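Here's the structure, in structure tokens; my notes come after.
Values quoted throughout were computed directly from the atomic coordinates according to the rules given, and no laboratory measurement underlies them. Source: prediction; values computed, not measured. So basically every Cβ, Gly included, is an ideal-geometry build from the backbone, and we count neighbours across all protein chains shown.
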Amino acid sequence: MAFQFPEQFRFADSHEYANVDADLVRVGISAFAVDQLGDIVFVDLPEVGTVLTRGQSFGSVESVKAVEEMYAPLSGEVVQRNNSVMDNPDELQNDPHGEGWLMVIRPSDPEQLNELMDATAYGSKISED
């Protein structure tokens, strides 16, 4: 299956994405990761105000196949979380790059974005895996 990834997104090795919007970053997991998980039944996200360090687990996504940890693609404070996805995991399943976003963070070190893969590099990485 060929995946299309938004050009403006940046991706971590662990399949989370970061989408910059002014001084905030919207975080989610890639369509590839969602596809690998299968039917998602539960999403656990951090509370607003939680301070995350890049690489730190910030929650989990549970499917009928597995429970997978999610890792912060960059350091910062959670300023919003998508409660709708927690109430209705189908949103993550159906639109991971849109309505299925997970949280918004205010990055403490925006330079960390430069260490994430662009959409082309991420697409190449998953085709090799």
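Condition first: of a type in the set (A, V, I, L, M, F, W, C), touching a strand residue (DSSP E or B) at 6+ places or on another chain (Cβ under 6 Å), in contact (Cβ under 8 Å) with a residue 40 or more places away in the chain and closer than 22 Å to Asp129 by Cα. Can you find one or more residues in the range 47-66 that meet it? Scanning the range 47-66, I find no residue that is of a type in the set (A, V, I, L, M, F, W, C), touching a strand residue (DSSP E or B) at 6+ places or on another chain (Cβ under 6 Å), in contact (Cβ under 8 Å) with a residue 40 or more places away in the chain and closer than 22 Å to Asp129 by Cα, so the answer is no. Looking only at residues in the range 111-129 that are acidic (Asp, Glu) and over 15 Å from the mean Cα position of the chain (by Cα), the one that is surrounded by the most Cβ atoms within 10 Å (Cβ to Cβ) is Glu115.
Residues in the range 100-110 that are in a loop (DSSP other than H, G, I, E, B) and surrounded by fewer than 21 Cβ atoms within 10 Å (Cβ to Cβ): Ser108, Asp109.
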